[in-house]
1. In this structure, does residue 47 turn out to be modelled with pLDDT under 90 and under 20 Å from residue 104 (Cα atoms)?
2. What's the number of the only condition in (1) closer than 22 Å to residue 24 by Cα; (2) surrounded by 14 or more Cβ atoms within 10 Å (Cβ to Cβ) that residue 80 fails to meet?
C-alpha cells in the first residue's frame, strides 16, 4: 500500500537530519506531565519510575540496573502496570501513556482533580 506523498512530505537529507538517541521517548513528555499522568493513573512511585524508563526506551535489565532492583521486580511492576492500565503489551503501555498525556493536556485544569 503506497501512501500519497502529500501525507508524508519528503524532507531533503541535506536540509534536515534526524538525531538518533539512546532514549527515544526522553523528551516527549515533560516532568510536569509525568507527574499528572502518574497521579491520574494512580501509579506508585516505583511504577511511575519503571513506566517512564520503559517509555524512554530502556529494556527490563537496564531499568533494573538504573533503579537498583532485580529484573524480576521490574517484571512484577510491568505486570501491575499492564493490569492497572488495561493493556497487554509494553507497546500498549507506552501508547497508553501518550493517550493519557493527550487526554490531560486537552482537559481544562479544574476538572483534573479526583
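1. Values: modelled with pLDDT under 90: no; under 20 Å from residue 104 (Cα atoms): yes.
Judged against the criteria, residue 47 is not a match.
2. Exception for residue 80: condition (1).
Results for (1) within 14 Å of the chain's Cα centre (by Cα); (2) surrounded by 16 or more Cβ atoms within 10 Å (Cβ to Cβ); (3) at pLDDT 75 or above, shown as yes or no for each residue.
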{"site": "3", "(1), (2), (3)": "no, no, no"}
{"site": "8", "(1), (2), (3)": "no, no, no"}
{"site": "12", "(1), (2), (3)": "no, no, no"}
{"site": "17", "(1), (2), (3)": "no, no, yes"}
{"site": "26", "(1), (2), (3)": "yes, no, no"}
{"site": "43", "(1), (2), (3)": "yes, yes, yes"}
{"site": "51", "(1), (2), (3)": "yes, yes, yes"}
{"site": "66", "(1), (2), (3)": "no, no, yes"}
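The values are calculated or read from the model by the stated rules, or taken from the named source; none is laboratory data. Note that the coordinates shown come from a computational prediction; the quantities given were computed from them, not determined experimentally. As a convention, Cβ positions derive from the backbone with ideal geometry for all residues, glycine included, and neighbour counts pool all protein chains shown.
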